[in-house]
């Protein structure tokens with residue numbers, strides 16, 4: 001179970017072990033918050049250690065930002081409930097060459113939940129589409145072999161397409177696509193509305209409606225019985 005209020009009932013109780021799920025959305029839609037909440041819930045509620053790999057924002061910034069939800073990530077790291085690994089953009093190639101180190105980290109604390117945020121950073125250096133796709137498929141294969149449930153965040157360019165996809169279309173190769181909305185439903189609206197949609201989740205009979213969400217003092221809550 002994800003432990004995110006309102007979500008597990010939409011997806012038959014949670015994600016399957018070993019799945020790789022894309023969490024997509026535009027800037028400011030809550031992708032990082034969702035991913036961290038998934039790890040925190042695993043560590044605190046289900047005794048499932050996590051691994052968070054940040055390829056963009058600094059770890060100390062994430063720690064500070066998530067305190068507003070009451071999540072003491074520094075303490076969870078000290079207790080080896082969640083491992084945090086930080087790779088700045090200029091060290092992406094180092095990350096790609098350290099599969100053994102990541103696997104050792106997973107085995108050391110028995111990691112069950114893993115997050116890569118954002119996965120697009122791993123693909124930006126490849127101008128050739130074929131090479132990007134090969135790199136992505138290799139990454140997905142490695143993640144599935146770890147036996148964890150993995151989330152990859154991905155920036156979407158917008159929601160005009162029938163299925164909103166990020167620049168590198170990583171969602172097409174994942175086991176699931178979760179989309180976070182932060183939009184004006186009408187140009188006259190003075191406030192944006194936040195929503196959540198399960199676009200794809202292999203092996204699961206999931207609800208296909210867009211549900212409103214809120215950012216509460218305890219993280220994201222999904223409201224499946226309300227209209228978006």
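The values are calculated or read from the model by the stated rules, or taken from the named source; none is laboratory data. Please read these numbers as outputs of a predicted model, since none were measured by experiment. For neighbour counting, all protein chains shown are included, and Cβ atoms are generated from backbone atoms with ideal geometry for every residue, glycine included.
Residue-by-condition table, conditions (1) in contact (Cβ under 8 Å) with a residue 24 or more places away in the chain; (2) buried (at least 20 other Cβ atoms within 10 Å of the Cβ); (3) not in a loop (DSSP other than H, G, I, E, B):
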position	(1), (2), (3)
5	yes, no, no
41	yes, yes, yes
52	yes, yes, yes
56	yes, no, no
64	no, no, yes
75	no, no, yes
100	no, no, yes
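Can you find a residue in segment 155-165 that is modelled with pLDDT under 90, touching a helix residue (DSSP H, G or I) at 6+ places or on another chain (Cβ under 7 Å), surrounded by 14 or more Cβ atoms within 10 Å (Cβ to Cβ) and part of a loop (DSSP other than H, G, I, E, B)?
Yes, because at least one residue in segment 155-165 is modelled with pLDDT under 90, touching a helix residue (DSSP H, G or I) at 6+ places or on another chain (Cβ under 7 Å), surrounded by 14 or more Cβ atoms within 10 Å (Cβ to Cβ) and part of a loop (DSSP other than H, G, I, E, B).
Just checking, does segment 21-38 include any residue being over 19 Å from residue 182 (Cβ atoms), in contact with a helix residue (DSSP H, G or I) (Cβ under 8 Å, 6 or more places away or on another chain), touching a residue at least 40 places away in the same chain (Cβ under 8 Å) and surrounded by 19 or more Cβ atoms within 10 Å (Cβ to Cβ)?
No, because not a single residue in segment 21-38 is over 19 Å from residue 182 (Cβ atoms), in contact with a helix residue (DSSP H, G or I) (Cβ under 8 Å, 6 or more places away or on another chain), touching a residue at least 40 places away in the same chain (Cβ under 8 Å) and surrounded by 19 or more Cβ atoms within 10 Å (Cβ to Cβ).
Return the pairs, sorted by first residue and then second, in which the second residue is surrounded by fewer than 16 Cβ atoms within 10 Å (Cβ to Cβ) and modelled with pLDDT of 90 or more, the first residue lies in segment 198-214 and is over 16 Å from residue 4 (Cβ atoms), the beta carbons are less than 7 Å apart, and the residues are 6+ apart or on different chains.
Within 7 Å, the pairs are 205/12.
Check residue 9 against each of (1) under 26 Å from residue 209 (Cα atoms); (2) within 18 Å of the chain's Cα centre (by Cα) and name the one condition it does not meet.
(2)
Please work out if residue 62 is farther than 21 Å from residue 154 by Cα and at pLDDT 95 or above.
In short, no.
Against the conditions (1) surrounded by fewer than 20 Cβ atoms within 10 Å (Cβ to Cβ); (2) at pLDDT 90 or above, where does residue 195 fall short? Just the number, please.
Among (1) surrounded by fewer than 20 Cβ atoms within 10 Å (Cβ to Cβ); (2) at pLDDT 90 or above, residue 195 violates only (1).
Under 6 Å between Cβ atoms, which residue pairs at least 6 apart in sequence (or on different chains) link something in segment 157-183 that is within 22 Å of residue 11 (Cα to Cα) with a partner that is at pLDDT 60 or above and surrounded by fewer than 16 Cβ atoms within 10 Å (Cβ to Cβ)?
Correct list of pairs: 175/202; 182/28; 182/192.
Check segment 7-18 and report whether any residue there is within 19 Å of residue 109 (Cα to Cα), in contact with a helix residue (DSSP H, G or I) (Cβ under 6 Å, 6 or more places away or on another chain), in contact (Cβ under 8 Å) with a residue 24 or more places away in the chain and not in a strand (DSSP E or B).
Yes, because at least one residue in segment 7-18 is within 19 Å of residue 109 (Cα to Cα), in contact with a helix residue (DSSP H, G or I) (Cβ under 6 Å, 6 or more places away or on another chain), in contact (Cβ under 8 Å) with a residue 24 or more places away in the chain and not in a strand (DSSP E or B).
I'm told residue 80 meets every condition in (1) out of contact with any strand residue (DSSP E or B) (no Cβ under 6 Å at 6 or more places or on another chain); (2) closer than 16 Å to residue 143 by Cβ except one. Can you identify the failing condition by its number?
Failed condition: (2).
Which condition does residue 136 not pass, out of (1) at pLDDT 85 or above; (2) in contact with a helix residue (DSSP H, G or I) (Cβ under 8 Å, 6 or more places away or on another chain), if it passes all the others?
(1)
Quick check on segment 209-225: of everything there that is surrounded by fewer than 11 Cβ atoms within 10 Å (Cβ to Cβ) and in a loop (DSSP other than H, G, I, E, B), which residue is farthest from the chain's Cα centre (by Cα)?
Among residues in segment 209-225 that are surrounded by fewer than 11 Cβ atoms within 10 Å (Cβ to Cβ) and in a loop (DSSP other than H, G, I, E, B), the one farthest from the chain's Cα centre (by Cα) is 225.
Residues being at pLDDT below 80 and part of a helix (DSSP H, G or I): count how many of those fall in segment 78-98.
Residues meeting the conditions: 8.
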